[in-house]
Amino acid sequence: MKAIFKSNFTEITNETRLMQQKLRIIQVISQNGYGITVPDICKELKISAPTGIKLVNELQSEGFLSIIGKKETQNGRKPAIYALKNVNFYALSVEILMKRITVGIIDSRLNTVYYRQKTDFVLEDTADCLQKVEGFILECLDNSGVGEESILGMGMGITGRVKHETGESLTFFNFLDQPLAQHLSKFFDIPVFLNNDTRCFGMAEKIVGKAKNVNHAIVINLSRGLGTCLVIDNKIVNGGMGFAGELGHMQFGKREKMCLCGKKGCLGNDVGGNALEEIFMEKVAIGEKTMVHIPEDGSSVRYDDILISALKGDELSIDLIQDMGYKLGHALGNIVNLLNPELIIIGGKFSKLRTLLLDPVKTGITSSALVHPMEDCKIEFSELGDLGGLKGAGALVFEYFELIKN
Ligand SMILES: [Zn+2]
C-alpha cells in the first residue's frame, strides 16, 4: 500500500521519525483550532528551527498546510501562520467473527465512511482462511474510493484470545512464525494493531458510546458467543497478558456439554447464539412446537431467526431467551459484587430483544447481587448497532497516533 506510515514492526528509521513528527504537527495545528507559526511548532515539538521549517515546507508542498496570514510581532519580523487544509485521516478497520467478516474505513470521530460485510464467511484456523481475509481486505480497500495515502493504519478485532501488546492472536492464525499483526503489517505495509473483538467493541462504547464519561462499566457483547469488556477507573482492562474479561468461560453454566476451552460449566455454553441454536434444536427434537421454520435438510436454524420469532411472540423462543437472560443476570450479579460498576451495557445481536431480555437479566442480577452495588448500577442497551466492533478496531489506530483519547 502507498500509505503514509510503513509497518510498525520494523525498526524506526529517520524517515518514519520524520513522518511521526509531521503527524504531530498536524495534530498540534488541529488541536489549536486556528493557525500556528513555525516557532510555535518548534516549541511544542521540541525540535530545532531548521527541522521545523523543513517539515512545514514539506507538509505545505504535500498539500496538508497553507499560509493564512502573518503574525504581528514587536521586533518587526512577521512569521507566517500555517493552517490545515481539509485533511482527513482514516483507519482501515477489520472485524473477524466466527461467521462474519467486516471491513471498513473509519474516521477519527469513529464515523464509518465505508464498510462491507461478508456473511458467508467461516473463520477457520488455516492458511487458506487467512488468504481469504487478506483478499477481502484488498478488495474492500479498492472499492472504498478512499486514497491509501490518507490511511494511517489498520485496526483489527478478532474473536478469541488476543495479546494486544504483541499483536498475537492465540486462538486463530497462530501457526504463523510471527504474530498475526506483524504478518499483516508486512503484507499490507502499514501499521497494524490487533485486539479481541469484544474489547474493540468496548473501546467504541468508551469513546463514542454509552460508556463515555463512565469510570466503571461492564460491556457485554452478546451475539453468537458471549464476550465481555471491563472498564475500570476509566480504562479498558486488557489484563496482565491480555486475556481479561472472559465471563463466558466462568463456571456459571449448567449444561453438560464440553466447552471449546476443554472444560464443562462455562457460561458461554449456556448463553449466546451458539447455545441458543443447540438448545432450540434439542427442544424441537423432543417435539416442542415453534413458529420458527425448521430446515428440512436437518441443518440447524440460525439464532437470529429465533430472536426474531421471540419478538413475534413464539413461546418456545421466548422461554429459552428468558432462561438465558436469567443465567446471564445471575453471573453478572456476581461481577457486580466483585467490581461495583456504575453501568452494564448490553450490545450484540441479542440487544434487539430489549425488555424481553432485560427483564430476566434483572431478575437474575437480583438473585446474586448485593443490594447497594445493584441499586447504583444501571443496565442499558448499546446504541452502536452492528458496527460497534468495527469502529473500535479503527479506534486502535487513532489511539496509537494519539488522535483520540478514551
Ligand atoms: Zn470454556
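Data table
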quantity	calculated
Checking residue 276 against (1) under 26 Å from the mean Cα position of the chain (by Cα); (2) within 16 Å of the ligand (Cβ to nearest atom); (3) in a helix (DSSP H, G or I), the condition it does not meet	(2)
Subset of segment 285-303 [in a helix (DSSP H, G or I) and surrounded by fewer than 16 Cβ atoms within 10 Å (Cβ to Cβ)]	285
Positions within segment 231-252 being in a loop (DSSP other than H, G, I, E, B), under 28 Å from residue 204 (Cβ atoms) and within 16 Å of the ligand (Cβ to nearest atom), in sequence order	243, 244, 245, 246, 250, 252
Criterion violated by residue 301 - all others in (1) more than 22 Å from residue 119 (Cα to Cα); (2) away from the ligand (no atom under 16 Å from the Cβ) satisfied	(1)
Subset of segment 231-246 (residues that are buried (at least 23 other Cβ atoms within 10 Å of the Cβ) and at pLDDT 95 or above)	231
Among residues of segment 80-123, those that are among the β-branched types (Val, Ile, Thr), crowded, with 16+ Cβ neighbours inside 10 Å and under 14 Å from residue 159 (Cα atoms), counted	4
Number of the exception - residue 135 against (1) outside any strand (DSSP E or B); (2) at pLDDT below 95	(2)
Selection count, segment 253-273, where residues are near the ligand (Cβ under 8 Å from one of its atoms), in a loop (DSSP other than H, G, I, E, B) and closer than 24 Å to residue 304 by Cβ	3
For residue 195: the one exception among (1) outside the structural domain of residue 119 (by TED's automatic domain parsing); (2) more than 16 Å from the ligand (Cβ to nearest atom); (3) within 30 Å of residue 134 (Cβ to Cβ)	(1)
Breaking point among (1) under 19 Å from the mean Cα position of the chain (by Cα); (2) of a type in the set (D, E, K, R); (3) under 24 Å from residue 374 (Cα atoms), for residue 224	(3)
Long-range neighbours under 8 Å by Cβ, at least six apart or interchain, first residue over 18 Å from residue 212 (Cα atoms) within segment 226-241, second of a type in the set (Ser, Thr, Tyr) and surrounded by 15 or more Cβ atoms within 10 Å (Cβ to Cβ)	227/159; 227/198
Test: residue in segment 300-307 that is within 15 Å of residue 222 (Cα to Cα) and of a type in the set (Phe, Trp, Tyr)	yes
Filtered residue count, segment 50-76, keeping only those that are within 18 Å of residue 32 (Cα to Cα) and small (Gly, Ala, Ser)	3
Test: residue in segment 254-272 that is within 16 Å of residue 388 (Cα to Cα) and modelled with pLDDT under 95	no
Qualifying residue in segment 350-373 (condition: farther than 22 Å from residue 210 by Cβ, out of contact with any Phe, Trp or Tyr (no Cβ under 7 Å at 6 or more places or on another chain), assigned to a helix (DSSP H, G or I) and small (Gly, Ala, Ser))	yes
Unmet requirement for residue 327, which otherwise passes all of (1) more than 16 Å from residue 353 (Cβ to Cβ); (2) in contact (Cβ under 8 Å) with a residue 40 or more places away in the chain; (3) in contact with an Asp or Glu (Cβ under 8 Å, 6 or more places away or on another chain)	(1)
Single unsatisfied condition, residue 162 versus (1) more than 18 Å from residue 103 (Cα to Cα); (2) touching a residue at least 24 places away in the same chain (Cβ under 8 Å); (3) in the same structural domain as residue 99 (by TED's automatic domain parsing); (4) surrounded by fewer than 24 Cβ atoms within 10 Å (Cβ to Cβ)	(4)
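Quick grid of which residues meet (1) in a loop (DSSP other than H, G, I, E, B); (2) within 22 Å of residue 386 (Cα to Cα); (3) modelled with pLDDT of 95 or more:
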| site | (1), (2), (3) |
| --- | --- |
| 114 | no, yes, yes |
| 117 | no, yes, yes |
| 125 | yes, no, yes |
| 131 | no, no, yes |
| 141 | no, yes, no |
| 152 | no, no, no |
| 160 | yes, yes, no |
| 172 | yes, no, yes |
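The values are calculated or read from the model by the stated rules, or taken from the named source; none is laboratory data. These numbers were taken from a predicted model, which means no experiment stands behind them. Cβ: placed from backbone, ideal geometry, glycine included. Neighbour counts: every protein chain shown.
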